[in-house]
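Enquirer: Supplied in structure tokens, the structure appears directly below.
The values are calculated or read from the model by the stated rules, or taken from the named source; none is laboratory data. Just so we're clear, the structure is a prediction, and the values are computed from it rather than from any experiment. All Cβ positions, even for glycine, are placed from backbone atoms using ideal geometry, and neighbour counts span all protein chains on display.
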Amino acid sequence: MGKFIPSAVQSARRRPQLFLLAWLAALFITGAGYCLFTPVFEGFDENAHYSSLQQLSDTGAVPVHGSAFLDSHARGYAGPTAYGSGAPPFDQGLTYGEFFADPARVGAYGPAYRTPGLAWDFEKSTTPNWAAQHPPLYYAVLAPLNRLLEGQSLVDRLLLLRLASLVLAGAGVFLGLRAATSGFAGSEAAAEARLGFVLYPLMLPMVFPEFARLGNDALCLFWMGAIVSLLTAAGTAELGRGRACALGLVLGLGLLTKALFVPILLGIAGFLLFRALAARADSRLMRARLVELGLLGALAALVGSGWYLYQYAAFGALSGSDESIRLAREGGLVEGLKARFSVLALVRGMLVALASFVWAGTWSLTLLPLAYMAPLLVLAGLVGLASGGRAAPGHAPLMLALTIWALGLFVAGLLWHMFVSLARTGAAGTPGWYLHIFLPVLAPLIGHGARRLLDSRLRLVFVGLVLWAVAYQVAAVWSGLALYAGCAAKGPDKIFTFSAPVLCLSDAGEVMARLSVLVYPQAGLVLFGSGLALLLGLAALLALPRPGGLRTD
């Protein structure tokens with residue numbers, strides 16, 4: 001046994017393709033578990049994304065603000081719905097507990113939503129569709145699959161669409177991980193990158209609810225993986241005109257997916273401009289870099305700017321976001337901030353964004369006691385400090401465009417959204433889970449910080465915090481299942497309240513029986529547990545001391 005473990009480690013390091021396949025399998029299996037045990041429309045904004053997809057695939061019309069409405073089947077969904085957020089009470093809709101307390105509703109659910117052959121053609125309701133603020137590319141990508149799923153039950157259709165989104169996100173991660181390790185096989189940077197990609201979903205479990213749902217963030221992650229791949233391929237060399245054109249095309253497609261790519265485009269363009277001006281002592285090199293920047297910007301604008309120009313012309317809001325349009329009609333940002341700005345609300349919004357980057361659960365936004373999350377925040381901060389914000393060696397300088405410039409402007413964009421939210425409502429509500437589209441950028445940083453901690457006096461503290469994060473994810477997932485089964489509820493402080501002992505584990509059989517009415521809990525838990533175990537095994541394998549690298553201090 002003493003010889004087996006080092007040889008297994010060396011085998012994993014020498015055969016990165018094997019590691020890549022094992023890691024992708026673990027990620028997909030775990031995410032598929034989430035898809036299977038999450039009830040209909042419990043994913044963030046799923047009813048709105050579903051309505052946009054149905055409208056585009058059934059009618060061919062692109063959903064736009066002011067003329068797009070929720071699908072009547074989604075709006076009239078007779079099953080239990082996610083708890084509300086904001087100010088209590090949070091149980092204004094049909095809660096899971098109320099649903100399971102009514103045998104008639106429970107009996108009608110299967111025939112209505114789990115029986116194939118029923119018509120689910122798009123029919124607009126009278127409720128505006130807030131997802132119409134988003135560009136249409138994600139819905140266009142999934143539209144062919146949605147048409148193939150005609151005749152499937154609503155539960156199965158949504159499940160398969162979630163899995164398709166998960167595949168898109170996984171493909172982006174594949175591109176990012178391959179880029180972070182290709183060309184550096186066997187090097188310290190490649191080993192650190194692999195460790196970071198494995199640790200990422202263990203340390204930051206919110207990555208699963210974010211991408212194991214129907215939503216355009218999955219396609220955003222795919223484009224981010226492609227961007228990382230293009231920038232990393234250049235290494236320390238020049239970008240080149242061909243790669244600049246490809247990067248501009250991908251950024252334009254990102255703009256057609258979500259407005260999150262506006263700061264990403266500005267960050268990359270700003271970096272490339274700075275890099276060109278820094279070479280002014282060499283006029284030929286500076287001109288070449290400016291030409292590359294021009295090609296990138298022109299292609300990105302040609303592909304993606306039309307949507308935003310339309311939004312500005314029609315609604316006076318370049319981003320096209322529902323909140324920005326409403327704020328413009330209500331007097332604008334300055335007037336709104338004069339009336340509602342609060343330093344306390346802004347600080348609280350920043351803390352909520354940080355916490356929701358680590359974990360927020362599903363759309364019911366119900367949490368375990370906040371003290372249990374504190375070690376996860378400590379872990380994220382500790383790894384961030386240990387990494388020193390350093391990108392993997394060999395990826396500089398072009399990867400700086402993402403790790404510093406684009407990510408920095410993206411965070412600034414989230415802060416801007418906090419001010420917009422403050423101006424409208426007095427609360428700075430901005431989700432931190434959007435940051436997970438930067439997974440291919442952040443994972444190598446996490447790997448570098450983790451390796452430094454593992455080779456230091458803090459290794460036991462670090463390992464203990466990672467295990468706590470895994471235990472937290474398991475407890476939070478089970479608590480969510482108890483919520484969906486009506487054995488738990490969302491309290492006035494947004495914390496789970498349980499009606500049976502030990503997080504309702506004493507009634508585990510009843511919880512699973514109830515959930516079987518809505519989803520596939522047994523299969524979901526098997527996949528979730530198997531994927532998480534595989535991730536832990538890979539993390540343990542990669543975290544073992546490097547040959548000659550074990551410290552005794």
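Enquirer: Consider Thr257 against the criteria (1) in contact with a Phe, Trp or Tyr (Cβ under 9 Å, 6 or more places away or on another chain); (2) more than 30 Å from Ser324 (Cα to Cα); (3) not hydrophobic (A, V, I, L, M, F, W, C): it satisfies all of them except one. Which criterion is unmet?
Expert: (2)
Enquirer: Now for a separate question. I'm trying to understand the selection: among the residues of the range 404-440, which are among the hydroxyl-bearing types (Ser, Thr, Tyr) and more than 15 Å from the chain's Cα centre (by Cα)?
Expert: Answer for the range 404-440, where residues must be among the hydroxyl-bearing types (Ser, Thr, Tyr) and more than 15 Å from the chain's Cα centre (by Cα): Ser421, Thr425.
Enquirer: Let me ask you something else. What's the total number of residues in the range 99-139 that are charged (D, E, K, R), in contact (Cβ under 8 Å) with a residue 40 or more places away in the chain and not in a loop (DSSP other than H, G, I, E, B)?
Expert: Residues in the range 99-139 being charged (D, E, K, R), in contact (Cβ under 8 Å) with a residue 40 or more places away in the chain and not in a loop (DSSP other than H, G, I, E, B): 1 in total.
Each row is one residue, and each column tells you yes or no for (1) modelled with pLDDT of 95 or more; (2) in contact with a helix residue (DSSP H, G or I) (Cβ under 8 Å, 6 or more places away or on another chain); (3) assigned to a helix (DSSP H, G or I).
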site	(1), (2), (3)
Met418	no, yes, yes
Arg424	no, yes, yes
Leu435	yes, yes, yes
Phe438	yes, yes, yes
Gly447	no, yes, yes
Arg451	no, yes, yes
Leu467	yes, no, yes
Val470	yes, yes, yes
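Enquirer: OK, next. Looking for something surrounded by 15 or more Cβ atoms within 10 Å (Cβ to Cβ) and without any contact (Cβ under 8 Å) to a residue 40 or more places away in the chain - is there at least one such residue anywhere in the range 343-363?
Expert: Taking every residue of the range 343-363 in turn, none turns out to be surrounded by 15 or more Cβ atoms within 10 Å (Cβ to Cβ) and without any contact (Cβ under 8 Å) to a residue 40 or more places away in the chain.
Enquirer: Across the range 42-99, what is the total count of residues that are exposed (fewer than 15 other Cβ atoms within 10 Å of the Cβ) and under 23 Å from the mean Cα position of the chain (by Cα)?
Expert: Residues that pass the stated criteria total 1.
Enquirer: Look at Tyr139 and say whether it is at pLDDT 95 or above, hydroxyl-bearing (Ser, Thr, Tyr) and within 13 Å of Gln54 (Cα to Cα).
Expert: yes
Enquirer: I'd like the full set of residues that are more than 20 Å from Gly110 (Cα to Cα) and among the β-branched types (Val, Ile, Thr), limited to the range 484-517.
Expert: Those that are more than 20 Å from Gly110 (Cα to Cα) and among the β-branched types (Val, Ile, Thr): Ile495, Thr497, Val502.
Enquirer: Looking only at the range 478-515, which residues are surrounded by fewer than 18 Cβ atoms within 10 Å (Cβ to Cβ), small (Gly, Ala, Ser) and assigned to a loop (DSSP other than H, G, I, E, B)?
Expert: Within the range 478-515, Gly491, Ser499, Ala500 meet the criteria.
Enquirer: Could you please find all residues in the range 246-276 being farther than 15 Å from Leu409 by Cβ and more than 27 Å from the chain's Cα centre (by Cα)?
Expert: Arg275, Ala276
Enquirer: Among the residues of the range 386-398, are any touching a Leu at 6+ places or on another chain (Cβ under 6 Å) and either farther than 30 Å from Ile227 by Cα or modelled with pLDDT of 85 or more (or both)?
Expert: Yes, the conditions are met somewhere in the range 386-398.
Enquirer: Can you confirm whether Ala475 is of a type outside the set (Val, Ile, Thr) and surrounded by 23 or more Cβ atoms within 10 Å (Cβ to Cβ)?
Expert: No: the conditions fail for Ala475.
Enquirer: I need the full set of residues from the range 433-450 which are surrounded by 22 or more Cβ atoms within 10 Å (Cβ to Cβ) and not aliphatic (A, V, I, L, M), in order please.
Expert: Scanning the range 433-450 gives His436, Phe438, Pro440, Pro444, Gly447, His448, Gly449.
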